[in-house]
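All remarks here apply to the structure that follows.
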Amino acid sequence: MPGRYAIANWKMNVPPEGIDTYLRALASHRNGRASVVVAPPFLYLKDVVAQAPANVAVGGQNCADQRAGALTGEVSPTMLRECGARFVIIGHSERRSLFGETDAVVARKLALAIESGLTPILCIGEDQRVRDAGEAAILVSNQIRSAAVPALESARELIVAYEPVWAIGTGRNATGAMVAEMISEIRSALSRFWPSRHSKTPILYGGSVTPDNIADLGSNGRIDGYLVGGASLDSAKFLTIANGLMSLQ
Ligand code: PEP
């Protein structure tokens, strides 16, 4: 059975309560079947690794698609690993839309992250235009196919996050029924394109997740956890979301 995850993506923010207070609050989460991961901006990664309680793992929000070299401003997957990160978010829609990341770049990052011993959190999802055109299932299936790199075979663990672009940071979350439908499309794409991984890969949902909508989102029994942006900046809200994973079927 896939693992369960609550992943906090701070984006280019730090929690207003302060990093130390935030991390101390997370210590009260009892992992059980659900693991907690915090992805701070690169600059704070070592601080978070140093202060995180034992039940909290740390991830990068992005990584370079090259091992090393003349790439000003970039951070390699190996550097992340050496700083103590265990996870890395790859292909977030903000990277794809604001920084021009193509499926080919995402595939290279995925392969290098695996090679460096990181667990990739691969983000996929459709924008509003694609959803309106009825092409969301085709798009996510193509995103999975493009990410079918040979390195997947040697990955210890991989996570997929279904994040519809129209739901990210907008306050408009997908409904539990929509998410269930898309997760079954993603599972079927995984069985076609990542056959060795399809039953083991957790599929998370991300897009305006808050303590108020997890009951609906989790009601279909298909979600393996959440990737949380805005609400993850408040330890109390993020803990409620993480603890809510315990009650998923
Ligand atoms: C995200 O950044 O991955 C995200 C889902 O953000 P938010 O929860 O703010 O929509």
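Just so you know, all these numbers are worked out from the coordinates, no wet-lab data involved. Please read these numbers as outputs of a predicted model, since none were measured by experiment. So basically every Cβ, Gly included, is an ideal-geometry build from the backbone, and we count neighbours across all protein chains shown.
Annotations for the structure displayed:
- Output for segment 62-108, where each listed residue is of a type in the set (D, E, K, R) and within 16 Å of the ligand (Cβ to nearest atom): Glu94, Arg95, Arg96, Glu101
- Per the listing Pro2, Pro41, Pro15, the residue uniquely within 16 Å of the chain's Cα centre (by Cα), surrounded by fewer than 21 Cβ atoms within 10 Å (Cβ to Cβ) and in contact (Cβ under 8 Å) with a residue 60 or more places away in the chain is Pro2.
- Annotation: of all residues in segment 134-164 being among the β-branched types (Val, Ile, Thr) and more than 16 Å from the ligand (Cβ to nearest atom), the one that is farthest from Arg197 (Cα to Cα) is Ile138.
- Checking each residue in segment 165-192 for being within 15 Å of the ligand (Cβ to nearest atom) and touching a residue at least 60 places away in the same chain (Cβ under 8 Å) picks out Val165, Ile168, Gly169.
- On the stretch given as segment 95-118, residues that are more than 17 Å from Arg145 (Cα to Cα) and among the small types (Gly, Ala, Ser) total 5.
- Residue selection: Asp212 fails the criterion of being over 22 Å from Ala148 (Cα atoms), surrounded by fewer than 18 Cβ atoms within 10 Å (Cβ to Cβ) and either touching a residue at least 12 places away in the same chain (Cβ under 8 Å) or within 12 Å of the ligand (Cβ to nearest atom) (or both).
- Residue match in segment 235-246 (condition: assigned to a loop (DSSP other than H, G, I, E, B) and within 15 Å of the ligand (Cβ to nearest atom)): no
- Residues in segment 83-108 that are over 17 Å from Asn142 (Cα atoms), in contact with a strand residue (DSSP E or B) (Cβ under 7 Å, 6 or more places away or on another chain) and outside any strand (DSSP E or B): Gly84, Ala85, Arg86.
- A residue that is of a type in the set (D, E, K, R) and assigned to a strand (DSSP E or B) occurs nowhere in segment 13-24.
- The set of residues from segment 112-127 being more than 16 Å from the ligand (Cβ to nearest atom) and surrounded by 20 or more Cβ atoms within 10 Å (Cβ to Cβ) comprises Leu112, Ala113, Ile114, Leu118, Thr119.
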